[in-house]
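Report on the structure given below.
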Amino acid sequence: MPSSTFSFDVSSQFEFTEVPIYFTSEGNSPSYAYIDVLVNEVKLRLFIDTGHGYGTVSLPPSVLSELDVIYTGITKENRDFKGAKYDSRHYLIPKIRIGSLVLNQLPGYEFLSRYDDLGGLIGLAFLNQFNVLIDYPNRKFGLYRKDFYPGYLKSQGWTKVQLVPPLSLPVKLKNYEETFTFCLDTGVIAVDKERHSYGTIRSESEFGQLVQQKEIVEPDPTDTDILGKFSSNQLRTPCNYPLTLMDFMLVDYEYPKRDGFLGHNFFSKYSVFIDFTKDELHLRPHDN
């Protein structure tokens, strides 16, 4: 029976594949990162969503109806970031190609949410079967065998930091002992009317309460869904690696119970290599 932890067979000959990252740009809508893949020889756009835990390649019913997938008769409950529940059908994709990587009988669940008009996505349950490069600055996406490490990680500018599974970055605020946890979620696209990009902070979290007590949050009267905004260059990892200046929105959400999200704004500033076996993150600032 399928579970939220997938496994699938990858050829022992596989070492890595790298493909371009593209970004949507439609009027004033947020710009999402995606890759092009072949599913049963049909070219599809898959959005990269490291915050979607249950899906490997998750496709909405409108797309699945045009593909020859095999439904197994199993459903699974999933949630969006607002906590809304959805029952998704489980299926098998006979064949998918991502660059030079070819997989057969890949399992997945339907993508059902209020945002299903975005199309399909490639989620964490797929990505954590590999080492993964997500490089917005250089427009590159890479999948690597788990024991394969590309030579560029030894080049100047890359720093290794420890993660909290699943794919969360522990951080500290300068002059405070507490450690806070931020999900690394490429699916979080928070922008204001001026198209400025933000991370998000859960208002009821320990970090959210702290920044409100410090009175560094500026109210945003133009948007009732945003409790406030603030900027900080005081965030550091426990190994004392300083993060670049980050802008945040303070918002009210219930699920998941993390302090906040580092989304599009974070990935736009760093080349990111994820080692899921060791729960390590390799970072390279965009200005290097």
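The values are calculated or read from the model by the stated rules, or taken from the named source; none is laboratory data. The model shown is predicted, which means the values in this text are computed figures rather than measured ones. With ideal geometry, Cβ positions are generated from the backbone for all residues, glycine too; neighbour counts draw on all protein chains shown.
Before moving on, here are some points about what is shown:
- Listed here are the strands (runs of 3 or more DSSP E) enclosed by region 118-162 that have at least 1 residues being touching a residue at least 60 places away in the same chain (Cβ under 8 Å), under 20 Å from the mean Cα position of the chain (by Cα) and within 25 Å of residue 24 (Cα to Cα): 120-122, 131-135, 140-144.
- Of the listed requirements (1) hydrophobic (A, V, I, L, M, F, W, C); (2) under 13 Å from the mean Cα position of the chain (by Cα); (3) not in a loop (DSSP other than H, G, I, E, B), residue 171 misses just one: (2).
- Selection count, region 174-191, where residues are among the hydrophobic types (A, V, I, L, M, F, W, C) and part of a loop (DSSP other than H, G, I, E, B): 2
- Residue count for region 48-61, restricted to those that are in contact with a Gly (Cβ under 9 Å, 6 or more places away or on another chain) and either farther than 30 Å from residue 169 by Cβ or of a type in the set (S, T, N, Q) (or both): 3
- When the residues of region 231-283 are filtered to those that are within 18 Å of the chain's Cα centre (by Cα), β-branched (Val, Ile, Thr) and not in a loop (DSSP other than H, G, I, E, B), the one that is surrounded by the most Cβ atoms within 10 Å (Cβ to Cβ) is 274.
- Annotation: of all residues in region 25-53 being closer than 16 Å to residue 134 by Cβ and polar (S, T, N, Q), the one that is modelled with the highest pLDDT is 50.
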